[in-house]
Amino acid sequence: MRGTDYQNDKLFSYVRPDSRVPADHPLRTIRRVTDTALTALSPKFAALYPAVGRPSIPPEKLLRALLLQAFYTIRSERQLMEQLNYNLLFRWFVGLSVDEPVWVPTVFSHNRDRLLAGDVAAEFLDAVLNLPEVRGLLSAEHFSVDGTLIQAWASMKSFRRKDGNDQDAGPGRNGERDFHNDRRSNETHASTTDPDARLAKKSKGSEAKLAFTGHLLMENRNGLLVDARLTHSTGTAECKAALDMLGDLPAAARATVGADKAYDTARFVSAARDLRVTPHVAQNITAHRGSTIDGRTTRHDGYRLSQTIRKQIEEANGWIKEVAGLAQTKHRGLARVGWMFTLKALAYNLVRLPKLLPMG
């Protein structure tokens, strides 16, 4: 018997969004972990908001919505609000009922800036890592470190001389300029739209762009990120940030850190050993110099294992750079981009947790 194309336009519904989410959906584990971490951050949120005034978007709901933006590569707050308007899975994860209206995109952005000022992303990452069920997954002895360029939201046309002696641009809002024979460097030039950005390139022969440098520290047992930082792009930024992150690790008897050839420098290797961390750095042997790592390190099986596991952190850097495009297309300034970079690192961890934790 053929069914009837009946259009059900009932005004009331008695179905909870939770009942629409499959019992084995990975967002259930992620929601349970994030709720526990956000409860621990409640005193931090209370200190960021005044006791009187118009109620804001709850910071817990705002952070859950930003995580969804990273998980599902939603490119803008406007598209995120559109998804929240009709997607029951998103509404359940954020904590909105079926009848609750979604927020205006500009209001959502302004409320996010309050959390940015409080460095909540780093606190959120630490809160998740310090949960007992997550802490048991982390290695305290074996790590990997890597850095990557995060392109700034600034045009090369904004990279002007600090003394003001630039060639005048052509007519119009975005007038053309002739850069021929114009030697530009970070010492003599700065971006007028994002002064924190620096001219940098990933390797010899590649194009130089205005960028920041993102740094990740990963534990090797389950490939979870334990630290994420953003710095100015300089020639020594990767090694310096890596040493800072290793120095902030809890004291352990001994530790190892895997890294690529960029970290094969005498300063990094010596400083890491002073921190009681054995550098399992890929050897950078060229015609001009040898490696600072010799057979005393490379002969061990642990060194070869570190080089294999190190590929995971390169994949993490690629995922964080690509997901949603938030840092590259939305924000200016070291603090703003760094906040989103850390939040993306947290999102990377949360994506991995459903495979590591039991459902519940």
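The values are calculated or read from the model by the stated rules, or taken from the named source; none is laboratory data. Everything numeric here is computed off the predicted structure, so don't read it as measured data. Counting neighbours? That spans all protein chains shown, and the Cβs are built from the backbone with ideal geometry, glycine included.
Condition check for Phe45 on (1) closer than 21 Å to Val351 by Cβ; (2) crowded, with 18+ Cβ neighbours inside 10 Å: one failure, at (1).
Could you check how many residues of region 132-164 are charged (D, E, K, R), outside any helix (DSSP H, G or I) and farther than 27 Å from Leu243 by Cα? Spell out how you get there, then give the answer.
Taking region 132-164 and keeping what is charged (D, E, K, R), we get 133, 135, 141, 146, 157, 160-163.
Those left that are additionally outside any helix (DSSP H, G or I): 141, 146, 160-163.
Of the ones still in play, those that are also farther than 27 Å from Leu243 by Cα are 160-163.
The number of residues fulfilling the criteria is 4.
For region 110-129, the set of residues classified as in contact (Cβ under 8 Å) with a residue 12 or more places away in the chain, on the phi < 0 side of the Ramachandran plot and surrounded by fewer than 16 Cβ atoms within 10 Å (Cβ to Cβ) consists of Ala117 only.
In the set (1) in contact with a Pro (Cβ under 7 Å, 6 or more places away or on another chain); (2) touching a residue at least 40 places away in the same chain (Cβ under 8 Å), the condition left unmet by Gly302 is number (1). When Pro59, Pro22 are checked against the criterion of being closer than 16 Å to Val120 by Cα and either modelled with pLDDT under 95 or loosely packed, with under 10 Cβ neighbours inside 10 Å (or both), Pro59 stands alone in meeting it. Is region 18-40 home to any residue that is in contact (Cβ under 8 Å) with a residue 24 or more places away in the chain, part of a helix (DSSP H, G or I) and farther than 18 Å from Trp92 by Cα? Checked region 18-40: at least one residue is in contact (Cβ under 8 Å) with a residue 24 or more places away in the chain, part of a helix (DSSP H, G or I) and farther than 18 Å from Trp92 by Cα. Inspect region 82-104 for any residue being within 24 Å of Phe341 (Cβ to Cβ), charged (D, E, K, R) and either surrounded by fewer than 16 Cβ atoms within 10 Å (Cβ to Cβ) or not assigned by TED's automatic domain parsing to the domain that holds Val21 (or both) and give the result as yes or no. No: region 82-104 contains no residue that is within 24 Å of Phe341 (Cβ to Cβ), charged (D, E, K, R) and either surrounded by fewer than 16 Cβ atoms within 10 Å (Cβ to Cβ) or not assigned by TED's automatic domain parsing to the domain that holds Val21 (or both). So, Ala287, is that one crowded, with 17+ Cβ neighbours inside 10 Å, at pLDDT below 85 and either assigned to a loop (DSSP other than H, G, I, E, B) or in contact with a Pro (Cβ under 9 Å, 6 or more places away or on another chain) (or both) or not? Here the answer is no, as Ala287 does not meet what is asked. Just for region 312-335: of the residues that are surrounded by fewer than 18 Cβ atoms within 10 Å (Cβ to Cβ) and at pLDDT below 85, which one is farthest from Asp196 (Cα to Cα)? Selected residue: Glu322. Can you say whether Arg54 is out of contact with any Gly (no Cβ under 7 Å at 6 or more places or on another chain), in the same structural domain as Asn111 (by TED's automatic domain parsing) and among the basic types (Lys, Arg), as far as the supplied structure shows? In short, yes.
For Lys344, indicate whether it is under 28 Å from Ala154 (Cα atoms) and either modelled with pLDDT under 90 or part of a helix (DSSP H, G or I) (or both). Against the criterion (under 28 Å from Ala154 (Cα atoms) and either modelled with pLDDT under 90 or part of a helix (DSSP H, G or I) (or both)), Lys344 qualifies. Candidates in region 66-95 are the residues that are in contact (Cβ under 8 Å) with a residue 60 or more places away in the chain and over 18 Å from the mean Cα position of the chain (by Cα); of these, the one that is nearest to Phe124 (Cα to Cα) is Phe93. Checked against (1) surrounded by 15 or more Cβ atoms within 10 Å (Cβ to Cβ); (2) out of contact with any helix residue (DSSP H, G or I) (no Cβ under 7 Å at 6 or more places or on another chain), Thr73 passes all but condition (1). Please enumerate the residues belonging to region 1-58 that are under 24 Å from Val107 (Cβ atoms) and polar (S, T, N, Q). Selection gives Thr34, Ser42, Ser56.
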